[in-house]
Every structure is written in structure tokens, then in C-alpha cells.
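Take a look at the structure below.
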Amino acid sequence: MISTGKCINRRTVLGTAALALLAGMISVAPVRAADVTIPIIVKDTTSFYWQIVLAGARKAGKDLGVKVPELGAQAESDINGQISILENAVSGKPAAIVISPTEFKALGKPIDEAAKSVKIIGIDSAADSKAFTSFLTTDNVQGGRVAADGLAAAITEKYGKAEGEVALITALPGVGSLDQRAKGFKEQLAAKYPGLKLIADKVADGQATTGLNITTDLITANPNLRGIFTSNLIMAQGAGQAIAENKAQDKIKVIGFDSDEKLVKFLSNGTLAGLIVQDPYRMGYDGIKTALAASKGEKTEANVDTGANLITKANMNDKRAQELLNPKLD
């Protein structure tokens with residue numbers, strides 16, 4: 001017969017073993033997707049382009065069962081605001097963070113610091129950091145080359161040759177994606193279109209009204225101007241308005257970058273000759289998908305090109321063009 005003391009000891013040992021086993025089971029149990037948070041930080045939550053990015057991220061969150069806080073400043077020029085948002089996001093200890101840096105130099109060190117605590121996935125624009133686990137973006141240099149080709153084609157259609165004066169308008173200084181687009185545009189002009197002379201290279205302050213004023217001044221000061229490349233949505237809006245107000249669409253061909261309802265209307269009525277359209281929905285969706293994979297320790301591609309497409313009045317009703325111009329935002 002076993003004594004009461006021995007029974008107690010035996011029960012204690014069995015209970016302790018059971019607790020240890022339970023603890024072990026808890027420690028190795030995989031984290032449920034519903035418990036995973038991956039914030040996405042865009043440059044400007046009010047812009048149509050970034051709303052498309054957020055829509056893609058939102059859909060990925062639903063499909064993957066991941067919480068996706070949608071964060072960002074109210075203007076692309078609010079660099080300090082984005083840095084604060086990034087720091088606050090890191091303090092929440094998410095599984096990973098997806099971010100589109102507002103400015104190349106300024107976001108470098110904050111991203112370096114953030115990456116010490118969490119996986120950072122970059123989208124759209126580069127930063128002065130090598131701490132990104134993965135980077136999904138348009139090849140912006142190639143996007144600039146495509147813009148040069150599109151502008152040359154539009155000028156050739158009107159004037160018979162790719163010759164004459166052209167201008168470039170950049171929205172903000174020091175933005176990686178915009179600098180790369182300008183670089184590709186200039187390189188393509190020099191390499192393929194020696195007859196096109198870049199007579200103005202303007203940098204604005206990120207405001208559509210500034211783009212309008214710059215374009216109006218260019219029209220007034222350069223009577224032989226035949227083309228303009230505006231390297232982002234905001235500048236394309238301002239330039240399009242200036243072209244419309246001056247009834248200059250037949251004389252001056254404008255290629256914009258990105259799209260929204262206003263730019264699509266400008267394209268359809270001939271105010272703009274073409275739009276270089278990215279795939280922001282894919283950036284948002286695949287950004288979250290990649291971030292989730294990275295948070296699990298899975299291998300991810302260091303760089304992913306999400307593509308750039310020239311859309312003109314002639315092809316704007318094609319299926320692929322419509323997918324890019326009218327993405328689902330729900």
C-alpha cells in the first residue's frame with residue numbers, strides 16, 4: 001500500500017510535468033495570423049495614388065487575416081511627420097512595417113533605427129538605408145525613359161519629328177523616386193532624341209498650384225515649347241490645368257506620371273498626351289504579403305519591379321489600362 005505522502009509527491013510530479021508540457025506546447029504554437037499587425041505608412045493619406053496603395057494593403061490584410069493599420073502624413077512634404085509616425089509604429093512592436101519614404105536622405109537613419117527592432121519593407125520610393133528586408137517599386141529610371149519615349153511619340157505625331165523644346169517639372173527636391181524618373185527622362189532624351197532640347201528643369205514644392213504656375217510661366221516664356229514631362233500626379237494636375245486654361249493642348253504635349261479621376265479626364269479630352277501609370281494596388285498588396293513572409297523568417301526577394309505603363313487616349317480603354325486607371329478601392 002502506498003502512503004499518502006508518496007501519493008501527494010507523485011501527484012505533484014505528474015502535475016508539474018503536465019504544466020511543463022503545456023508550457024512547451026504554448027511556446028511552440030505558431031502565432032495566429034489574426035494576432036499579426038503590419039502597419040503600412042504612406043507619404044500622403046489624402047492622395048488618390050496612396051489611397052490605391054492602401055486599398056491593396058487592406059485587401060491583403062483581409063486575405064491573409066492580418067491587421068493592417070493605415071498610416072501616413074497629410075502631405076508628401078511632411079517629412080518630420082512621417083518620421084514620427086514610423087517611430088510610433090515601431091513602439092507598437094508590430095510583426096513588420098511597410099513604408100514609402102517621403103525623402104531619401106531624411107528617412108535613412110530613422111529606417112536604419114527601426115530595422116533594429118522590426119523587419120522593414122519598402123515600397124515606391126527609396127531611402128538612404130540598406131536596412132530594407134525587401135523593396136517593391138516601379139523601376140523609376142525606366143519610368144522616366146518610358147515618359148521620354150511617350151513625349152517623343154506625341155511630338156512626332158503632331159510635328160512630324162521628335163524635335164523642339166521640352167521641359168521637366170519635378171514635384172519636390174530630394175525624393176528618390178522623382179530624382180530617378182528625372183534621371184531616366186534626361187538619359188533617354190540624350191540617348192535617343194537629340195532633336196529634343198531640355199530648356200527648363202523645374203523643381204516645385206509639392207503643391208498643384210505651384211505646378212500650375214510653373215507651367216503657365218513656361219508657356220509664356222517659351223513660345224516654341226512643344227512638350228513637358230511632369231514626374232508625379234500633383235504636378236500633372238497643375239500642368240494639365242495650365243494647359244487647359246491656356247488652350248495649349250494642341251501645341252504642347254504633356255506626359256504625366258500616375259493617375260486619378262482628374263488626370264484621366266485630361267487624358268480623354270486631349271489635355272494630356274499620356275500618363276505613365278504604376279501599379280500602386282500591387283505595391284500595397286504585395287508589400288503586406290512580403291512583410292508577413294519576412295516576419296515568419298521566409299525568404300523574400302530583395303528587389304521587386306512592379307512595372308510602369310504608358311497609357312494614351314488610344315489605348316486607355318484596353319482591359320489592362322482600365323485595371324490600372326480604375327482600380328477597386330473597397
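Remarks
- Within region 293-313, restricting attention to residues that are assigned to a loop (DSSP other than H, G, I, E, B) and free of Cβ contacts under 8 Å to residues at least 24 places away in the same chain, the residue that is least open to solvent (accessible area, probe 1.4 Å) is GLY297.
- Looking at ILE52, ILE97, ILE83, just one residue is buried (at least 20 other Cβ atoms within 10 Å of the Cβ), at pLDDT below 95 and not in a loop (DSSP other than H, G, I, E, B), and that residue is ILE52.
- Cβ-Cβ contacts under 9 Å between residues 6 or more apart (or on different chains), taken from a first residue in region 33-55 that is closer than 11 Å to VAL68 by Cβ and polar (S, T, N, Q) to a second residue that is part of a loop (DSSP other than H, G, I, E, B) and open to solvent by 40 Å² or more (accessible area, probe 1.4 Å), are listed as THR37/PRO69; THR37/GLY92; THR37/LYS93.
- Selection count where residues are at pLDDT 95 or above and either among the acidic types (Asp, Glu) or within 14 Å of ALA95 (Cα to Cα) (or both), scope region 107-127: 10
- Neighbours by Cβ (under 6 Å, 6+ apart or cross-chain): first from region 100-114, within 21 Å of SER47 (Cβ to Cβ); second assigned to a helix (DSSP H, G or I) and not aliphatic (A, V, I, L, M): THR102/GLN82; PHE104/GLY176
- Residue match in region 59-74 (condition: open to solvent by 10 Å² or more (accessible area, probe 1.4 Å), out of contact with any Pro (no Cβ under 9 Å at 6 or more places or on another chain) and at pLDDT below 95): yes
- Any chance LYS119 is among the charged types (D, E, K, R) and either more than 17 Å from ASN303 (Cα to Cα) or out of contact with any strand residue (DSSP E or B) (no Cβ under 6 Å at 6 or more places or on another chain) (or both): no
- Residue list for region 265-288, restricted to those being in contact (Cβ under 8 Å) with a residue 24 or more places away in the chain and either over 18 Å from VAL304 (Cβ atoms) or in a strand (DSSP E or B) (or both): PHE266, LEU267, SER268, GLY270, THR271, LEU272, ALA273, GLY274, LEU275, ILE276, VAL277
- Summed over region 107-129, the residues that are out of contact with any helix residue (DSSP H, G or I) (no Cβ under 7 Å at 6 or more places or on another chain), outside any loop (DSSP other than H, G, I, E, B) and surrounded by fewer than 24 Cβ atoms within 10 Å (Cβ to Cβ) give a count of 5.
- Filtered residues of region 261-292 (kept if out of contact with any Lys or Arg (no Cβ under 7 Å at 6 or more places or on another chain) and either open to solvent by 20 Å² or more (accessible area, probe 1.4 Å) or among the basic types (Lys, Arg) (or both)): GLU261, LYS262, VAL264, LYS265, PHE266, ASN269, ASP279, TYR281, ARG282, ASP286, LYS289, THR290
- Hey, ILE120 in contact with a Leu (Cβ under 8 Å, 6 or more places away or on another chain) and of a type in the set (A, V, I, L, M, F, W, C) or not: no
The values are calculated or read from the model by the stated rules, or taken from the named source; none is laboratory data. Note that this is a predicted model, so its numbers are computed, not measured. Note: ideal-geometry Cβ built from the backbone for every residue, glycine included; neighbour counts use all protein chains shown. Quick note on the areas: whole protein, heavy atoms, side chains included, nothing else; ligands and nucleic acids left out. Shrake-Rupley method; radii C 1.70, N 1.55, O 1.52, S 1.80 Å.
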